[in-house]
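Comments concern the structure below.
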Amino acid sequence: MMRAGLLWLAFALAAGAADQATIDKGQKEEQRTCLPCHSLRIVHSNRLIRAGWNKELDKMAGWGAKYTDRDAILEYLVATYGDDKPVTPPEMSADGRPRQ
(Lines give C-alpha, C1' and ligand atoms only; values in the text may rest on other atoms or scores of the structure.)
Protein backbone atom coordinates (compact mmCIF):
# COMPACT_ATOMS: atom_id res chain seq x y z
CA MET A 1 0.00 0.00 0.00
CA MET A 2 2.84 2.40 0.85
CA ARG A 3 4.50 1.70 -2.49
CA ALA A 4 1.31 2.54 -4.38
CA GLY A 5 1.14 5.87 -2.54
CA LEU A 6 4.73 6.70 -3.42
CA LEU A 7 4.18 5.77 -7.06
CA TRP A 8 1.08 7.97 -7.20
CA LEU A 9 3.03 10.86 -5.66
CA ALA A 10 5.86 10.48 -8.19
CA PHE A 11 3.34 10.41 -11.05
CA ALA A 12 1.52 13.48 -9.73
CA LEU A 13 4.77 15.43 -9.42
CA ALA A 14 5.88 14.44 -12.93
CA ALA A 15 2.49 15.28 -14.40
CA GLY A 16 2.59 18.73 -12.82
CA ALA A 17 5.92 19.63 -14.37
CA ALA A 18 5.73 21.60 -17.60
CA ASP A 19 7.63 20.40 -20.64
CA GLN A 20 10.53 22.46 -21.99
CA ALA A 21 8.59 23.66 -25.05
CA THR A 22 5.91 25.16 -22.80
CA ILE A 23 8.53 26.80 -20.59
CA ASP A 24 10.28 28.27 -23.66
CA LYS A 25 6.95 29.56 -24.97
CA GLY A 26 6.23 31.09 -21.56
CA GLN A 27 9.57 32.89 -21.54
CA LYS A 28 8.80 34.43 -24.93
CA GLU A 29 5.36 35.40 -23.65
CA GLU A 30 7.00 37.06 -20.63
CA GLN A 31 9.25 39.11 -22.94
CA ARG A 32 6.32 40.18 -25.09
CA THR A 33 3.84 40.86 -22.30
CA CYS A 34 5.85 42.15 -19.33
CA LEU A 35 8.65 44.25 -20.86
CA PRO A 36 6.40 46.98 -22.30
CA CYS A 37 5.54 48.08 -18.76
CA HIS A 38 8.52 47.23 -16.55
CA SER A 39 11.91 45.54 -16.40
CA LEU A 40 12.06 41.82 -15.84
CA ARG A 41 14.15 42.38 -12.70
CA ILE A 42 10.96 43.01 -10.74
CA VAL A 43 9.50 39.73 -12.00
CA HIS A 44 12.67 37.70 -11.56
CA SER A 45 13.23 38.84 -7.98
CA ASN A 46 9.99 37.16 -6.86
CA ARG A 47 9.70 33.58 -5.67
CA LEU A 48 6.04 32.58 -5.50
CA ILE A 49 3.99 29.42 -5.35
CA ARG A 50 1.68 28.66 -8.30
CA ALA A 51 -1.26 30.43 -6.62
CA GLY A 52 0.89 33.53 -6.08
CA TRP A 53 1.99 33.67 -9.73
CA ASN A 54 -1.59 33.08 -10.80
CA LYS A 55 -2.70 36.03 -8.67
CA GLU A 56 0.07 38.22 -10.13
CA LEU A 57 -1.00 37.34 -13.68
CA ASP A 58 -4.62 38.21 -12.80
CA LYS A 59 -3.45 41.53 -11.33
CA MET A 60 -1.40 42.37 -14.42
CA ALA A 61 -4.34 41.46 -16.69
CA GLY A 62 -6.46 43.85 -14.63
CA TRP A 63 -3.89 46.55 -15.37
CA GLY A 64 -4.05 45.84 -19.10
CA ALA A 65 -1.58 43.02 -19.79
CA LYS A 66 -2.71 41.01 -22.81
CA TYR A 67 -1.58 37.38 -22.76
CA THR A 68 -1.59 35.20 -25.85
CA ASP A 69 -0.76 32.09 -23.79
CA ARG A 70 -1.43 32.65 -20.11
CA ASP A 71 -0.95 28.97 -19.27
CA ALA A 72 2.55 28.94 -20.78
CA ILE A 73 3.67 32.05 -18.90
CA LEU A 74 2.30 30.62 -15.66
CA GLU A 75 4.19 27.35 -16.20
CA TYR A 76 7.37 29.29 -17.03
CA LEU A 77 7.11 31.47 -13.91
CA VAL A 78 6.43 28.51 -11.61
CA ALA A 79 9.22 26.41 -13.14
CA THR A 80 11.78 29.22 -13.15
CA TYR A 81 10.78 31.52 -10.28
CA GLY A 82 8.80 29.24 -7.97
CA ASP A 83 9.18 29.47 -4.22
CA ASP A 84 11.62 26.55 -4.32
CA LYS A 85 14.09 28.35 -6.63
CA PRO A 86 17.10 30.31 -5.35
CA VAL A 87 17.17 34.06 -5.79
CA THR A 88 19.93 35.18 -8.13
CA PRO A 89 22.08 38.08 -6.93
CA PRO A 90 21.32 41.42 -8.59
CA GLU A 91 23.55 42.66 -11.38
CA MET A 92 23.98 45.94 -9.51
CA SER A 93 25.45 46.42 -6.06
CA ALA A 94 23.38 47.94 -3.28
CA ASP A 95 24.67 51.42 -4.16
CA GLY A 96 23.56 51.06 -7.80
CA ARG A 97 26.97 50.51 -9.36
CA PRO A 98 27.57 47.50 -11.65
CA ARG A 99 29.00 44.48 -9.85
CA GLN A 100 32.66 43.78 -10.56
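Taking residues in region 14-28 that are modelled with pLDDT of 95 or more, and partners anywhere that are surrounded by 14 or more Cβ atoms within 10 Å (Cβ to Cβ) and small (G, A, S), the pairs with Cβ atoms closer than 7 Å and at least 6 places apart or on different chains are T22/A72; I23/A79; K25/A72; G26/A72. For first residues located in region 41-58 and among the charged types (D, E, K, R), partners that are assigned to a helix (DSSP H, G or I) and lie 6+ apart or on another chain with Cβ distances below 9 Å form the pairs R47/Y81; R50/G16; R50/L74; R50/L77; R50/V78; E56/V43; E56/L77. Within region 16-42, the set of residues being of a type in the set (A, V, I, L, M, F, W, C) and out of contact with any Phe, Trp or Tyr (no Cβ under 7 Å at 6 or more places or on another chain) comprises A17, A18, A21, C34, L35, C37, L40, I42.
Looking only at region 35-51, decide whether some residue is part of a loop (DSSP other than H, G, I, E, B) and modelled with pLDDT of 95 or more. The answer is yes, given that some residue of region 35-51 is part of a loop (DSSP other than H, G, I, E, B) and modelled with pLDDT of 95 or more.
The values are calculated or read from the model by the stated rules, or taken from the named source; none is laboratory data. Since the structure is predicted, the reported quantities are computational estimates derived from the model, not experimental observations. Reconstructed Cβ throughout: ideal geometry from the backbone, glycine too, with neighbour counts over all protein chains shown.
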